[in-house]
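Laboratory data are not the source of any read-out in this text; all were calculated from the coordinates shown. Note that the structure is predicted; figures quoted are calculated from it, not measured.
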Amino acid sequence: MTEVKAELVGSVWKITSKPGDQVAEEAVLLILESMKMEIEVTAPRGHREGDPGQGDGRGQRGPGAGRARMTKPAQLLLEHQRLVERERGLRDNIERANARLESDPEVVALEETLAAARAAQEAASALVRELDHEREAHGTKLRAREKELMSGRIRSPSELLQMSEEVKHMKERFAEEEDAEMKLMEDADAADQAVRDATTQLEEARKQSAAEEPEIRSELATWTAELAEVEAERDAIWEQVPPATQGAYSRMRVRPAVAQVINNQCSACHVTVTSSGMQKLRAGDELVLCENCGRILVRD
Ligand SMILES: [Zn+2]
């Protein structure tokens, strides 16, 4: 009979082996749950297993506090690090949601589009008015000249010729101005249409934005509640970390400060952990740092 020790006090969540099972060394016998972590209890050596215990599993206490070892400090730090990351993610989400409730970037952009369209509309109609005045003045002058030309008061052929040339020239210019004004009026119509379109789009976006608000508020409430939970959990985990390890962790410059060892490699820098490092990790009594990047290593 081999005594199997749990790493910490927790509830038995799942029993993955039966009495009489042939198990290999390191095979998972059962899974404990503590602080929302799943902790595998593995066989210290290959063995025909005895009775893993009575009961249905869930809610059952693990081995007594006296027999169980504490969770390894590095494991606690890894969990702490995960909670800090989750906390950061939640804070980002909350900040974004609050900013979105304050103002919707899409609505703001369309407000700017509408303001620009209104300015363009104003400028286009000002141009039409300006050219219209000018053309009216030219028209009055042209009619006066024509009247003079037809009055019979001018007798000198050279003067008549000069005046008829002048009237011809004025008529041409008047026609050109009429064409130009038509073109400007088309531009003004297009500017009016742009204002109507921008107004419609803005109204739609405001409606859409308002319709999205309840969901954003509900998400915000969920995130805020989760944040409180994560913060409490983070603090509870931190309290379990021995003060010396807390100090070592806090002094570390590299972040994230904890890296898992996966396939004998530091998962942060991918440098292989030495066999003596792996031995120390297995023993689990002291903090093992990655020889390359200096992070605290945690066994996979
Ligand atoms: Zn490393």
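Observations
- 3J(HN,Hα) along the range 224-231: 5, 5, 5, 4, 4, 5, 5, 5 Hz, from the Karplus curve 6.51 cos²θ - 1.76 cosθ + 1.60 with θ = phi - 60°, whole Hz, x for Gly and Pro.
- Taking amide H positions as modeled 1.01 Å from N, with prolines and chain starts lacking one, the residues under 5 Å from residue 298 and 5 or more places away or on another chain are 259, 260, 261.
- 3J(HN,Hα) from dihedral phi, the range 129-136, Karplus parametrisation 6.51/-1.76/1.60, rounded to Hz, x for glycine, proline: 4, 4, 5, 4, 4, 4, 5, 4
- Whole-percent pair-distance distribution, where bins are 5 Å wide, for the alpha carbons of the range 161-280: 2, 7, 6, 7, 8, 7, 6, 5, 5, 5, 5, 5, 5, 4, 4, 4, 4, 3, 3, 2, 2, 1, 0, 0
- Normalising the average separation of contacting C-alpha pairs (under 8 angstrom, six or more residues apart) by the number of residues puts the relative contact order of the range 252-299 at 42 percent.
- The range 119-140 versus the range 222-297: alpha-carbon centroid distance in Å: 75
- P(r) histogram, all alpha-carbon pairs of the range 252-299 included - 5 Å bins from 0, percent: 5, 28, 37, 22, 8, 1
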